[in-house]
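Scroll down for the structure; my scribbles are underneath it.
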Amino acid sequence: MRPTTDDSLLHTLLREATAALEEGQFEEAEATCRRALALDPRNADVCLLLGQALREQDRLGEAEGAYRAAVLSRPDLADAWAGLSGVMCEQLRWDESRRAANRALREDPGHPEAAWIRGVLRERRGDNAGAQRDYLRAWRSDPQTFPLPVPLDDETVEQVVGECLVQLHPTLREYLANVPVILEELPSDEQLQHYDPPASPTGLLGYFSGSSLMERSLHDPWSNLPSAIVIFRRNLERFAYDHEQLVDELRVTLFHEVGHFLGLDEDDLEERGID
């Protein structure tokens with residue numbers, strides 16, 4: 001039986017949406033998916049692609065709806081369960097995210113994204129051994145996208161902090177002498193919720209707390225709450241492909257948080273290439 005005109009058009013739109021996603025044209029991919037859904041509103045593959053396009057645009061609530069539509073049409077679609085787990089993790093909905101990741105791995109035991117997300121969730125519960133097993137599973141399935149975490153020790157952090165301070169103006173170094181650099185394993189829920197919308201639990205590499213230089217009283221510059229720069233070890237370890245990249249990203253993160261101490265916002269930092 002020959003395919004109908006609508007079937008042929010649907011397959012063409014699926015190819016175009018996939019190509020747009022691969023090229024980073026997320027709005028175009030979304031528009032193409034919506035055209036495809038007009039032909040077949042319950043097509044799981046289209047719903048999956050739409051979820052991916054919306055997720056790339058940080059429209060997490062809409063992406064969740066698209067992923068749910070995909071698994072409603074095809075309950076065995078591991079990619080959609082993994083995508084659902086990812087957007088719920090980004091929304092700090094830990095239990096729901098874990099259930100979706102487990103379902104994805106039930107459908108496809110080697111699914112790399114689902115294994116990686118479950119590893120992230122296990123880390124947050126303090127199950128580091130379980131997390132390492134999941135990271136290893138993700139790496140075996142897709143080593144390019146999910147490299148194994150690169151260990152970051154305290155000595156490396158101290159060395160890089162010292163190198164960064166040397167590059168700063170002496171007056172700024174004097175101010176920063178009162179600002180400790182604290183190494184923590186992971187950002188807390190409270191730190192993530194400091195941002196609106198909440199910061200990514202895997203993407204937040206550093207955090208500045210306290211008052212910037214611009215906010216401090218001219219008469220009593222240390223009268224406000226004490227400032228601190230916090231570096232999140234586990235997120236940095238997962239970010240890098242090798243030790244060199246890890247050190248480079250640690251350096252960028254430190255300068256980024258020093259920028260916040262100076263009173264620069266995210267747009268200011270992006271203009272200066274420290275984002």
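The values are calculated or read from the model by the stated rules, or taken from the named source; none is laboratory data. Worth saying up front: this structure is predicted, and the values here are computed from it rather than measured. Cβ: placed from backbone, ideal geometry, glycine included. Neighbour counts: every protein chain shown.
From R68, R98, R106, which residue is under 29 Å from F232 (Cα atoms) and part of a helix (DSSP H, G or I)?
Matching residue, one of R68, R98, R106: R98.
Hey, does region 40-47 have a residue that's assigned by TED's automatic domain parsing to the domain that holds D134, assigned to a helix (DSSP H, G or I) and crowded, with 23+ Cβ neighbours inside 10 Å?
The answer is yes; a qualifying residue exists.
Go through (1) farther than 24 Å from D196 by Cα; (2) under 23 Å from the mean Cα position of the chain (by Cα); (3) not hydroxyl-bearing (S, T, Y) for G61 and report which single condition fails.
(1)
Which residue is surrounded by the most Cβ atoms within 10 Å (Cβ to Cβ), if the candidates are limited to region 148-160 and must be out of contact with any Asp or Glu (no Cβ under 8 Å at 6 or more places or on another chain) and not β-branched (V, I, T)?
Taking the candidates together, the pick is L148.
Check R122 against each of (1) under 25 Å from H243 (Cα atoms); (2) modelled with pLDDT under 95 and name the one condition it does not meet.
(2)
Which ranges mark the helices (runs of 4 or more DSSP H) fully within region 156-275 that have 1 or more residues being closer than 30 Å to S97 by Cα and modelled with pLDDT of 95 or more?
Counting at least 1 such residues, we get 189-192, 233-239.
Of the residues L105, L84, which single one is over 18 Å from the mean Cα position of the chain (by Cα), surrounded by 14 or more Cβ atoms within 10 Å (Cβ to Cβ) and not assigned by TED's automatic domain parsing to the domain that holds E237?
After applying the criteria, what remains is L105.
Find the residue count for region 4-31, including only residues that are β-branched (V, I, T) and surrounded by 15 or more Cβ atoms within 10 Å (Cβ to Cβ).
1
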